Structure formats: structure tokens, C-alpha cells
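Visitor: Below: one structure in C-alpha cells.
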Amino acid sequence: MNKVSIVTTLMRVVLGIVFLVHGISKLQMGLGNVEAWFSSIGIPGFMAYGAAMLELAGGVLLIIGLGTRIVSLLFALMMVGAVVTVKWPAGLMGSDQMPGYELELGLFMIALYLSVSEAHAWSIDGVIAKKRAASIKS
């Protein structure tokens, strides 16, 4: 295991934890309240359920390292959507009324990196890739 693998694993697990916690937060607020907030800012309310489920399930999947590329790509798209639909008017650093999109930009970049990186040993994706490579050789 090299330094890049270790750092990539840490990025994957931390990104998974961040999104999992955001999904849990949405459940604790009540999905009906999240749906109402989405509607109040011009986003179709039903998307609150999709966002919460992606954050919950995707967070767990990233933590264990299964479907990392797909989940990361979905998270990257989610962050683009958050910036474009909600955060853009506040700017990068935000204002007294609203935080900026610096967090979303950081999460986007981590998700983008994970969506194109190779599977690493400390993930289910890595185990699957290793088994595939072994079966091709035999």
C-alpha cells in the first residue's frame, strides 16, 4: 500500500462520512420539512427524498468502498446542483445571510477525483478488481 492509496482511502471514507451525516441530518429534520425547504427555494420537493437517500446509501457505499466511481460521480453532480441552484448568489465565501459554496467546491473536487481514480486495496471495489485481474490471468 503506497501513500496515494492511503490518502485516496482516507478521502473516500471521509467523503462517505460527510454525506452519511448529511443524510442522517435530513432524516432527523424530517423529510417533509426538507421537501418543503426544497420547494421554497424552487427545487422540486420530491428531490429531497432522492438527495437524502443518495446521501445515506452513497455515504455507506463510499465508506465500504463499493461502487465508488458511480457514487462519487453522483455526489459531484449533486454538488454542482447545490452550487448552481442555491449557493451561487452568495459567492465563494458567502455573506452574513448565507454561507458560500467553498464547502461544496471542496466536496466536488474530492468526489471528482474518486470518480476517476483506480480501486484501492482497502475497498470492496479493490477486492473485486483484484479477483477480476486474477481470473483474467488464469
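Bear in mind that the values in this text are calculations on the coordinates, not laboratory data. Please read these numbers as outputs of a predicted model, since none were measured by experiment. No Cβ is skipped: glycine too gets one built from the backbone with ideal geometry, and neighbour counts run over all protein chains shown.
Visitor: Considering Cα pairs under 8 angstrom that are at least six residues apart, work out the relative contact order of the chain and quote it in whole percent.
Guide: 26
Visitor: Note down the nm distance, to one decimal, between modelled labels 7 Å out along Cα→Cβ at Leu31 and at Trp88.
Guide: In this crude spin-label approximation the distance works out to 2.9 nm.
Visitor: Can you find, among Gly100, Val84, Leu54, the residue farthest towards the positive end of the dipole of the range 36-138? Put +1 on the C-beta of Lys and Arg, -1 on that of Asp and Glu.
Guide: Positive-end residue among those listed: Leu54.
Visitor: Once phi is turned into θ = phi - 60°, what whole-Hz ³J(HN,Hα) does the Karplus curve with 6.51, -1.76 and 1.60 give for every residue of the range 83-88, x standing for Gly and Pro?
Guide: Taking θ as phi minus 60°, the curve returns 5, 5, 8, 10, 8, 3 Hz for the range 83-88.
Visitor: Where the eigenvalues come from the Cα gyration tensor of the range 14-63, what are the semi-axes √(5λ) of the equivalent ellipsoid, largest first, in whole Å?
Guide: Over the Cα atoms of the range 14-63, the semi-axes work out to 21, 10, 8 Å.
Visitor: Could I ask something else about it? Highest mean first, what order results for 112-125, 90-103 on Cβ atoms within 10 Å?
Guide: 112-125, 90-103
Visitor: With a ≥ b ≥ c the root eigenvalues of the C-alpha gyration tensor of the chain, is it rounded (a/c under 1.5), prolate (a/b larger than b/c) or oblate?
Guide: prolate
Visitor: On to the next question. Using only Cα positions of the range 50-119, each an equal point scatterer, no hydration layer, compute I(q)/I(0) via Debye at q = 0.27 Å⁻¹ and quote the log10 values to two decimals.
Guide: Log10 of I(q)/I(0), two decimals: -1.12.
Visitor: If you don't mind, another one. Considering only Ile17, Ile41, Ile64, give the residue with the highest GNM mean-square fluctuation for the chain, with springs between Cα atoms whenever their separation is below 10 Å.
Guide: Ile41
Visitor: Taking the simple approach of a point 7 Å from Cα along Cα-to-Cβ for both Glu102 and Leu73, what is their distance in nm?
Guide: Rounded to a tenth, the inter-label distance reads 3.1 nm.
Visitor: Okay, next question. About the Cα centre, and with charges only on the beta carbon of Lys, Arg (+1) and Asp, Glu (-1), how big is the dipole of the range 3-137? Nearest 20 debye, please.
Guide: Dipole of the range 3-137, to the nearest 20 debye: 720 debye.
Visitor: Taking 0.36 nm per residue of sequence separation and subtracting the Cα-Cα distance, how much length would be gained by fully extending the chain between Glu118 and Lys137, in nm to one decimal?
Guide: Here the segment from Glu118 to Lys137 would lengthen by 4.9 nm.
Visitor: What ranking of Phe75, Phe38 emerges when the number of other C-beta atoms within 10 Å of each C-beta is taken as an exposure proxy, fewest first?
Guide: Phe38, Phe75
Visitor: Which peptide among 4-10, 66-72 comes first, and what is the full order, when sorted by highest mean count of other Cβ atoms within 10 Å?
Guide: 66-72, 4-10
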